[in-house]
1. For residue 70, work out the one condition from (1) open to solvent by 80 Å² or more (accessible area, probe 1.4 Å); (2) in contact with a helix residue (DSSP H, G or I) (Cβ under 9 Å, 6 or more places away or on another chain); (3) modelled with pLDDT under 95 it doesn't fulfil.
2. Does region 40-64 hold any residues that are within 14 Å of residue 24 (Cα to Cα) and either in contact with a strand residue (DSSP E or B) (Cβ under 6 Å, 6 or more places away or on another chain) or open to solvent by less than 50 Å² (accessible area, probe 1.4 Å) (or both), and which are they?
3. Which members of region 1-38 meet the condition of being open to solvent by 80 Å² or more (accessible area, probe 1.4 Å) and of a type in the set (D, E, K, R)?
4. Would you pick out the residues in region 2-54 that are on the phi > 0 side of the Ramachandran plot and more than 12 Å from the chain's Cα centre (by Cα)?
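The values are calculated or read from the model by the stated rules, or taken from the named source; none is laboratory data. Every value quoted in this text rests on a predicted model; they were computed, and no experiment measured them. For neighbour counting, all protein chains shown are included, and Cβ atoms are generated from backbone atoms with ideal geometry for every residue, glycine included. For the accessible areas, the whole protein counts, side chains as well, though only heavy atoms, and no ligand, DNA or RNA atoms are used. Shrake-Rupley method; radii C 1.70, N 1.55, O 1.52, S 1.80 Å.
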Amino acid sequence: MRMSDHALVRYLERAKGISLEDMRAEIEQRIVAQAGPNATGCWVDGIWFVIKNGVVVTAQTAPPHARIGSKKRVKKRRALP
């Protein structure tokens with residue numbers, strides 16, 4: 001058996017008393033404080049929030065260019081002698 005995201009959200013709200021709307025507002029406020037008007041992402045509490053067309057679409061532990069298997073690669077710098 002699996003639990004849908006909808007059921008999990010309702011459980012957190014109703015059984016645990018967690019207000020996801022309050023949490024959403026707090027996170028949005030922190031993202032707005034960090035990101036510029038045309039930002040495509042920003043860090044908040046060690047989480048990279050991806051922004052597309054002014055909407056936060058996902059949260060990751062690393063930005064896309066640093067993830068394993070990403071098409072974009074970060075150039076490795078040579079160690080200084």
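1. (1)
2. Listed by number, the residues that qualify are 44, 49, 56, 57, 58, 59.
3. Across region 1-38, the qualifying residues are 2, 5, 14, 16, 21, 22, 24, 26, 28, 30.
4. 17, 53, 54
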